[in-house]
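A.B. asks: Take a look at this one; I'll ask things after.
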Amino acid sequence: MPNRCQTVKNTFEWFPPVRHREPKSQFVLKITHDDHSLDNEITILKKLRDAECLHIPELVWTCGSKELGILPIGEPVLPGESSVVSRKIVRGMIDGLRYLHGRGIIHRDVRLSNLILKRQQNDVNVVIIDYETAFDSEGNHSTDSEVDYSGGYICWPRRLLQSKKQSYQPEPADDLFACILVVLHLLFPQRFDEFDARNIRADGDQNPETLRVLQMWKDIESSKIWGHFYEVARDEDYDKFLEISEVFCHV
């Protein structure tokens with residue numbers, strides 16, 4: 001693979017894995033096409049190379065701004081896991097975000113498809129992936145700068161949908177609110193499959209799909225169970241927020 005990069009006159013870098021290892025030096029390759037660049041994700045992952053957190057992926061290879069390789073090699077996180085595994089998924093996701101936020105990084109695209117599960121003997125580990133739209137308040141972004149939202153449409157920040165704006169100042173609580181949707185997705189996958197995510201948008205035209213999401217947030221906030229976790233996410237209380245993993249019954 002490095003030889004091909006040399007052929008097309010791109011520079012490549014190899015970073016020996018430290019916290020994630022795979023047999024035969026295998027890694028997950030991500031390639032972008034057209035004029036799209038992975039510069040932001042590469043910059044974020046380079047900053048996280050020394051991360052002392054197993055819920056963060058490890059950058060092991062780059063080829064210009066169009067290709068990168070990460071570890072570990074995992075499998076998609078899907079609904080239907082046992083209660084033990086589901087609790088570990090949720091707790092790992094929250095602990096991973098706690099670490100990212102402590103480094104000034106807001107993921108901005110927390111959803112089920114951006115989690116992978118690594119099974120190791122009798123244990124599992126969840127890893128948060130996809131940092132293309134991540135916001136680094138201590139690095140390549142100003143602390144008072146606004147950016148356009150460009151993550152998954154189902155996890156639009158509620159405040160953006162209400163304000164009908166696309167530009168905003170990312171906050172750690174945005175990621176934690178999105179975690180609530182991940183938990184609900186694990187519990188009620190069919191309801192989330194019914195959303196037409198492409199039609200959810202923050203603009204002057206609050207179409208039926210956007211209104212459905214806003215109503216969902218109203219229901220979450222007013223719920224005796226989920227309203228508590230909404231408040232904890234808003235307050236960025238990670239220790240209390242970990243208790244959301246206990247919604248998976250012990251059977």
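A.B. asks: In the stretch 184-219, which residue that is among the basic types (Lys, Arg) and surrounded by fewer than 16 Cβ atoms within 10 Å (Cβ to Cβ) is modelled with the lowest pLDDT?
C.D. replies: Among those that are among the basic types (Lys, Arg) and surrounded by fewer than 16 Cβ atoms within 10 Å (Cβ to Cβ), it is 198.
A.B. asks: Looking only at the stretch 52-71, which residues are under 22 Å from residue 126 (Cβ atoms) and either part of a strand (DSSP E or B) or modelled with pLDDT of 95 or more (or both)?
C.D. replies: 53, 54, 55, 56, 57, 58, 59, 60, 68, 69, 70, 71
A.B. asks: Going through the stretch 211-249 one residue at a time, which ones are part of a loop (DSSP other than H, G, I, E, B), charged (D, E, K, R) and either over 21 Å from the mean Cα position of the chain (by Cα) or at positive phi (or both)?
C.D. replies: 224, 236
A.B. asks: From the residues in the stretch 34-72 that are among the basic types (Lys, Arg) and in contact with a Leu (Cβ under 7 Å, 6 or more places away or on another chain), which one is surrounded by the most Cβ atoms within 10 Å (Cβ to Cβ)?
C.D. replies: Residue satisfying both the conditions and the ranking: 66.
A.B. asks: In this structure, is residue 150 of a type in the set (Ser, Thr, Tyr) and within 22 Å of residue 36 (Cα to Cα)?
C.D. replies: yes
The values are calculated or read from the model by the stated rules, or taken from the named source; none is laboratory data. What you see is a predicted model; the values in this text were computed from it and never measured. We place every Cβ from the backbone using ideal geometry, glycine too, and count neighbours over all the protein chains shown.
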